[in-house]
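Notes to accompany the following structure.
Bear in mind these aren't lab numbers, they're just calculated from the coordinates by the rules spelled out. All figures in this text were calculated on a predicted structure; none of them were measured in a lab. Quick reminder, even Gly has a Cβ in these numbers, built from the backbone with ideal geometry, and neighbours come from all protein chains shown.
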């Protein structure tokens, strides 16, 4: 699919069809993560592919009962291997690295007609235990993946005027959150 | 361009041609950021488009003399407006939100034949001062943008076997950083 169409089509999906993700599509999604850039090209990540139904139910419970985690045929857990590193600007690099890699996967999934949903609302300790992740590492995002049963339609977003300024910062003081997404 | 080609072609560019970025292409790049997802759809970001040559030189100095910041015709500074928010998994959401939006821009730029480079190595206070960013906000990434003078060729990345595991975490203990990127 054309890149601009992928960007327009990607949306958060919380309602999945009950059919598996073909192996070749899963591989394309993971390959997109593999090619993602990271700070100093460290690639400080692991992606755990969870298909086991019981494990997905446990993950859903650890995420406050978000049922789409159990219903999606695949959940990818993105794990940061170097969660302590700060860039010189004072910002931790691991959420950016993982954010880029997961964004690549979410877009690659949309390119293949699949839906995803970014999930950061879960109990870190419980998810680590379910997936056997050592405490030195951090689970950053759970990404359910599957064929969407339904879509949302147009995105609710701020306008370019509200988010872009030129040469210097300009605060339009409009921090209203658009309804829905 | 096809999505998979964009993912393959995007690379870090540090050598830019001395010609401006057409307004319509800059707008497409910013539009890709506008459509990016964010935690609870808060869109907690501002993107400062810097074209002023003196400002770009100042930014380059604040980033340890990275000359491509001054040489690129455009630098986009991505600013987090809510840098304090932690997700329930203990991970700050702002670097993920900004990471996704900047990834959309870097990919949209590649789609249009432009090059970018993620820069997180800079003095936060100095950059805030140069761009007039209030101290409550945080500059997360500087993204030089322009026509690339030269490319790197094939990416140096770990293999899928090294970064993917199934059902539970598996540490292959291979944290070797491939040379180059």
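What the table below lists for this structure:
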| read-out | value |
| --- | --- |
| For A:39-47, mean number of other protein chain Cβ atoms within 10 Å | 6 |
| Shielding of B:112-120 by partner chains, average beta-carbon count, 10 Å | 3 |
| Cα radius of gyration and Dmax for the protein assembly as shown (Å) | 19.3, 59 |
| Packing-based exposure ordering (other Cβ within 10 Å, fewest first) of A:12, A:62 | A:12, A:62 |
| Which of B:104, A:67 has the fewest Cβ neighbours within 10 Å, and the rest in rising order | A:67, B:104 |
| Neighbouring partner chain Cβ atoms per residue of A:152-164, average, 10 Å criterion | 4 |
| Prolate/oblate/rounded call for chain B, Cα gyration tensor, a/c under 1.5 rounded | oblate |
| Using a 7 Å Cα-to-Cβ projection, residue B:132 label spacings across copies, nm, ascending | 5.6 |
